[in-house]
Structure formats: structure tokens, C-alpha cells
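First the structure, in the form of C-alpha cells, and then the observations on it.
Where a number appears in this text, it was derived from the coordinates with a stated rule and is not lab data. Quick caveat, the model's predicted, so the values are computed rather than measured. Positions of Cβ are generated from backbone atoms using ideal geometry, with glycine treated the same way; all protein chains shown enter the neighbour counts.
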């Protein structure tokens, strides 16, 4: 499967994460919710790992990879906890979703530039539009 297709599917997953977080926020303690999200991810990941079998399940690790995966896990927990907390305090999904997703696009793109990816004028304009859009939505809240 093409990488851009995988990225598009990941964006659908993130959009669903926003919606499900908003709905769950009123029914669960935010810390417990973030923990349950992590446990669910571990259970699903473990199942996929076991179903793929030995060739795909071969572990290739390096200390650098483990550090960055752990940092990504810390970021995922923070995203879950802070998202649930924001929604439990009444943030509308029509504001929270775009701010969370738009902000994550801006952060990822800017960090991509700092990692040596080319910064084109089109990319810079797109980031400015995303930040402006997220700021406008945040003012509505």
C-alpha cells in the first residue's frame, strides 16, 4: 500500500480519535480514559503482532528507535489526557478537532523542516493558513 494511502488512513483514525474522545469525555475520568486508550492500543497491537507471525513479527530494535517510540508514547498519552480534559470542560468538537489536528499538522511540518526536509513556499503558506484557521476557531470557543 502506498505511503500516502497509509497516511490518509491514519488521518481517518485521528479524526475518529477526536470524535470518540469528545463523546467519552463526559463519561470517564480523564486519567482513567487516557490509560484505557493506551491499554486498548496495546491489546490491539499485541493481537496484530501475534497474527502476523514470525517474519513480520521479527523485532528490529536500536536504542535510538526505542527512545523515539517511548517519546511518541508519551506524546500519545498527553494527547489522550489533554484532549479528554479539554472536551470534559466543554470544548466543542468543531473547535477542538480542528485545533488539535491543525496544530499537529503545523508542529509536524515545522519539525520536518528542522530535520532537513525541504521548506517550499507552498508548504509555508499551507502552515500559515492552518495556524490562522486554528486560531480563528480557538477564538470562537
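Below, the figures for the structure above:
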| read-out | value |
| --- | --- |
| Convex hull per residue volume in Å³, alpha carbons only, for the stretch 46-107 | 124 Å³ |
| Most to least packed among 97-108, 29-40 [average Cβ atoms within 10 Å] | 97-108, 29-40 |
| The stretch 1-55 versus the stretch 59-105: alpha-carbon centroid distance in Å | 11 Å |
| Within the stretch 25-50, backbone nitrogen closer than 11 Å to the virtual label 7 Å beyond the Cα of residue 12 toward Cβ | none |
| Over the stretch 61-141, relative contact order from alpha-carbon pairs under 8 Å, at least 6 apart, % | 38 percent |
| Rg and Dmax of the stretch 1-89, Cα atoms only, in Å | 15.2, 46 |
| Modelled FRET efficiency - R0 25 Å, residue 62 with residue 115, Cβ distances, 0.05 increments | 0.90 |
| Burial order of peptide ranges 110-116, 133-139 (average beta-carbon count within 10 Å, highest first) | 133-139, 110-116 |
| Estimated inter-spin distance, residue 108 and residue 70, nm [label 7 Å along Cα→Cβ] | 2.4 nm |
| Projected-area average for the stretch 92-141 over all orientations - Cα convex hull basis, square nanometres | 3.1 nm² |
